[in-house]
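The values are calculated or read from the model by the stated rules, or taken from the named source; none is laboratory data. Small disclaimer: the values here were computed from a predicted structure and weren't measured. Glycine also receives a Cβ, built like all others from the backbone with ideal geometry; neighbour counts cover every protein chain displayed.
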Amino acid sequence: MPSGSACAPEGRGYDSSHPENCLTADKWYATVMKKDEILVENLRLAVGEPEEALLKVITNRLGIDTDVVKDLEIRRRALDARKRHEIHWLFNVSLRIEDAAIRDRLLGKKLARIPQWRPKDAADLQILDGVPHGEKPLIHPPVIIGSGPGGLFAAWLLAREGYRPILLERGPEIRSRVRDVRVFDKGGEHHPESNILHGEGGAGTFSDGKLTTRMRSPLVGLVHEILVAARAPANIQVDSKPHIGTDRLRAVIVYLRRELQRMGVVFRFGAKMTGLELDLNGGVRGVRLEGGEVIATSSVMLAIGHSARDTYTALHEQGIGLEFKDFQMGLRIEHPQAMIDHILFGSFAGRLPSAEYSINDKRSGVFSFCMCPGGSIVAGISEAGHLCSNGMSRRSRDSGWAGSGLVFTIPAELTPGGGRHPLAGIELQRKVEKRAFEIGGETYALPAQRAQDYVKGRISGGSLTSSYSRGLVSADLREVLPDRTATAIRHALEIFDRRIPGYLSEGVLVGPESRGSSPTRIPRDSTTRVSTTTPGLYPVGEGAGYAGGIMSAAIDGLRSAAALIQAAGPS
């Protein structure tokens, strides 16, 4: 595919072999927001009211006849539950009005507006329209390490532009990975390379599949388009809090992989990188795999997750630049979903999707993280002899449990050596997770404590129940966490109980929740996106310290791939 084109969805995915399916910036506007359309925002519908009623709401708001409105389309849908006695849906819709005088009057009165991209989005729009290739071609195809969202979306753009990248994943493909995780959940052994964290799709494969982001880039829409073309639910393009669900996401990743293979991406599973081959100037000249194989390349997109601890150690030992990064650590709390629904939705409970919350206490620095309505607790571990919690949920969010991380940001001064060593955060994580394993034992039971007992400093008596499949063991969770983190969570719980009555009395804490973000960053140039110490190395995504979820990692992968494309042509 020549430079200057990008592939658009055509019902069954992206087809880089047919120019008529390709996308320019002008066509992007036509696909996402037609130039002659206007946007009407904050239209209200009552709970249970059909979306077809939006036409009447619009005409009443704008003071126009229904036959004037053409091509009505929902662009955004959100639930407004700030006041639980008057919950309603809010919609932003686009529409076309052929009568120019009526259209101009609505725009003049600010009853509608024309969306416009911001000037700083120009580079991202270029990715949509086609990235100019560097003049000097690569000798070997670029290599991508990691099949999480950063790696997959970098592969998509590189393949679209004809680079035929090689994607290496240390874990197995989805089917084998799901099987191994199910064996563990039922009491079997933990597989060091096939688990919640390692394998096709990365850690996000076993999550809620959340696509929520604060980013306003046009690439958000592109990521949604690619996912929908890969069989993700179409409503992710309009929901204010889109999610795919771990069960649906697995199928999406498999479909996306097959599309990428058709576009020229070479996938290799069970291919664990043990280091880089460097030239005399410290630049990349190859990737070394476990077993001794070396893949020749001068361009590596390092999109490993933040749990690839052995890889970070190997890179540090090679002299690749790394630095400590503040990261989150804490506990996970779980409540009956019906209780959260009742508290947040009142009389609307049962008539709406499972309620989710976002809560923070600025004074203590504790906030909710990875809230999974109707989800379950899983063991997010990658190393033997260690234990930590995480959360995931299916598309239906119907487990009956509402779980969320409660985390505190760990600064450098709270780590061994004050964060002077770039891997200090990893060492603190390991220390905490090892203590949790010692408490839980070989059965991988999670240390647990009722929230009210945690606040009062006492061990919980009686049986503790949760969604975690391998059981709980009563413990004092303050002994698992660093002192400052434990104290901050105790203060925050009392605050949260005032905002969500019953948060303390009905909550069960498990932990630790220690894999919320990367404790390490690989410094890179802000323009070229290349490692500041290693020419040819492109640190990408959450593991490299530049993203915080599926969407931001995917967009980081697209932007880094664009930087590589601008630096060199395909081999």
What number of residues within the stretch 186-209 are charged (D, E, K, R), more than 18 Å from Leu152 (Cβ to Cβ) and in contact with a Lys or Arg (Cβ under 7 Å, 6 or more places away or on another chain)?
1
Is there a residue in the stretch 341-361 that is of a type in the set (Gly, Ala, Ser) and in contact with a Ser or Thr (Cβ under 6 Å, 6 or more places away or on another chain)?
yes
Does Glu442 satisfy the criteria of being in contact (Cβ under 8 Å) with a residue 40 or more places away in the chain and of a type in the set (Asp, Glu)?
no
Name the residues in the stretch 80-118 that are loosely packed, with under 14 Cβ neighbours inside 10 Å and among the basic types (Lys, Arg), would you?
Arg82, Lys83, Lys109, Lys110, Arg113, Arg118
Restricting the search to the stretch 328-387, which residues are farther than 25 Å from Ala445 by Cα, in contact with a helix residue (DSSP H, G or I) (Cβ under 9 Å, 6 or more places away or on another chain) and of a type in the set (S, T, N, Q)?
Ser354, Asn360, Ser364
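For (1) touching an Asp or Glu at 6+ places or on another chain (Cβ under 7 Å); (2) over 30 Å from Gly286 (Cβ atoms), each residue gets a yes or a no:
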{"position": "Ala308", "(1), (2)": "no, no"}
{"position": "Thr311", "(1), (2)": "no, no"}
{"position": "Ala314", "(1), (2)": "no, no"}
{"position": "Gly330", "(1), (2)": "yes, yes"}
{"position": "Glu334", "(1), (2)": "no, yes"}
{"position": "Gln337", "(1), (2)": "no, yes"}
{"position": "Arg351", "(1), (2)": "no, yes"}
{"position": "Glu356", "(1), (2)": "no, yes"}
Residue pairs, Cβ under 6 Å, 6 or more apart or interchain, first in the stretch 289-308 and under 25 Å from Ala563 (Cα atoms), second modelled with pLDDT of 95 or more and among the aromatic types (Phe, Trp, Tyr). List them.
Met301/Tyr538
Among Ala384, Ala488, Ala448, which is the only one that is farther than 30 Å from Asn235 by Cα, part of a helix (DSSP H, G or I) and not aromatic (Phe, Trp, Tyr)?
Ala488
What number of residues within the stretch 489-542 are of a type in the set (D, E, K, R) and either out of contact with any helix residue (DSSP H, G or I) (no Cβ under 7 Å at 6 or more places or on another chain) or buried (at least 24 other Cβ atoms within 10 Å of the Cβ) (or both)?
9
Tell me the residue from Glu356, Glu442, Glu427, Glu438 that is under 30 Å from Gly321 (Cα atoms) and among the acidic types (Asp, Glu), please.
Glu427
Restricting attention to the stretch 298-323, which residues are polar (S, T, N, Q), within 28 Å of Pro137 (Cβ to Cβ) and surrounded by fewer than 24 Cβ atoms within 10 Å (Cβ to Cβ)?
Ser298, Gln318
Would you mind stating whether Arg177 is of a type in the set (D, E, K, R), buried (at least 17 other Cβ atoms within 10 Å of the Cβ) and either touching a strand residue (DSSP E or B) at 6+ places or on another chain (Cβ under 6 Å) or assigned by TED's automatic domain parsing to the domain that holds Lys210 (or both)?
yes
Across (1) part of a helix (DSSP H, G or I); (2) modelled with pLDDT of 95 or more; (3) buried (at least 21 other Cβ atoms within 10 Å of the Cβ), Ala251 clears everything bar (3)
Answer yes if at least one residue in the stretch 548-563 is assigned to a loop (DSSP other than H, G, I, E, B), over 20 Å from Glu135 (Cβ atoms) and not aromatic (Phe, Trp, Tyr), and no otherwise.
yes
